[in-house]
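The values are calculated or read from the model by the stated rules, or taken from the named source; none is laboratory data. Fair warning: this is a prediction, and the values are worked out from it, not measured in the lab. Cβ placement follows ideal geometry from the backbone for every residue including glycine, while neighbour counts extend to all protein chains displayed.
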Amino acid sequence: MLPIIAAQGRELANNAGRLIDEFIQDTLANSSIGVMYAGTATSRAGLTAADTMDLDLILKACTFLASQGQTGERFKIIMHPNVFLDYAKSSSTNTWLNKLIYEDFKGIKDGFVTAGVNYDIYISANVKPFTVDSDPDFQVWPTYAFRDGAYGVGTLQNLQTFYKPF
């Protein structure tokens with residue numbers, strides 16, 4: 001196979017993945033599926049810069065997910081790198097996370113950064129922020145926590161690719 005064809009195929013696959021990812025995020029952003037807010041916020045409008053991700057919120061999300069499914073599941077948590085920075089700096093997370101990352105470091109591969117007792121954390125710059133109505137300049141990056149079967153995407157059999165010349 002010609003290298004240019006292989007490269008084009010990878011680019012098309014990446015674009016398809018981004019489109020699917022954006023569709024899922026848009027769907028989740030406009031739903032009320034198990035929404036939890038960081039800090040003391042009780043709604044999107046109530047979020048401030050002081051409301052940041054920490055271990056307590058991850059554990060709360062995992063507890064909620066565990067109550068919805070079977071025991072023994074591993075949950076997948078996807079967060080933006082900016083959220084992971086807040087998470088790593090939080091006092092409830094710091095000591096535990098530093099041990100996992102620096103003592104057992106295996107490298108960040110495919111977005112995976114660390115794992116807890118029943119969850120794996122992945123970072124992705126593709127997580128889209130939203131703005132808070134009270135301050136259009138304030139951006140919030142959501143974090144998504146999934147369990148097996150918690151959210152699905154329909155069949156991709158009808159996905160088509162169109163090549164258009166420049």
Tell me whether the stretch 47-55 contains one or more residues that are in contact with a strand residue (DSSP E or B) (Cβ under 6 Å, 6 or more places away or on another chain) and either exposed (fewer than 13 other Cβ atoms within 10 Å of the Cβ) or small (Gly, Ala, Ser) (or both). no
Residues of the stretch 71-83 being more than 16 Å from ASP56 (Cβ to Cβ) and not in a loop (DSSP other than H, G, I, E, B), in sequence order, are LYS76, ILE78, PRO81, ASN82
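Residue-by-condition table, conditions (1) modelled with pLDDT under 85; (2) surrounded by 12 or more Cβ atoms within 10 Å (Cβ to Cβ); (3) assigned to a helix (DSSP H, G or I):
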position: ALA13; (1), (2), (3): yes, no, yes
position: ALA16; (1), (2), (3): yes, yes, yes
position: LEU19; (1), (2), (3): yes, no, yes
position: THR27; (1), (2), (3): yes, yes, yes
position: VAL35; (1), (2), (3): yes, no, no
position: PHE64; (1), (2), (3): no, yes, yes
When restricted to ARG44, ARG18, the only residue in contact (Cβ under 8 Å) with a residue 12 or more places away in the chain, of a type in the set (Lys, Arg) and not assigned by TED's automatic domain parsing to the domain that holds PRO136 is ARG18
Counting only residues in the stretch 151-166 that are out of contact with any helix residue (DSSP H, G or I) (no Cβ under 6 Å at 6 or more places or on another chain) and either of a type in the set (S, T, N, Q) or in the same structural domain as ALA41 (by TED's automatic domain parsing) (or both), the one modelled with the highest pLDDT is identified as GLN160
Those residues of the stretch 40-62 which are within 17 Å of VAL83 (Cβ to Cβ), in a loop (DSSP other than H, G, I, E, B) and not β-branched (Val, Ile, Thr) amount to ALA41, LEU47, ALA49, ALA50, ASP51, MET53, ASP54
Of (1) at pLDDT 75 or above; (2) surrounded by 14 or more Cβ atoms within 10 Å (Cβ to Cβ), LYS89 satisfies every one except (2)
Residue set ILE101, ILE121; condition at pLDDT below 80, surrounded by 14 or more Cβ atoms within 10 Å (Cβ to Cβ) and among the hydrophobic types (A, V, I, L, M, F, W, C); output residue ILE101
Kindly evaluate SER67 against the criterion of being more than 16 Å from VAL132 (Cβ to Cβ) and of a type outside the set (A, V, I, L, M). yes
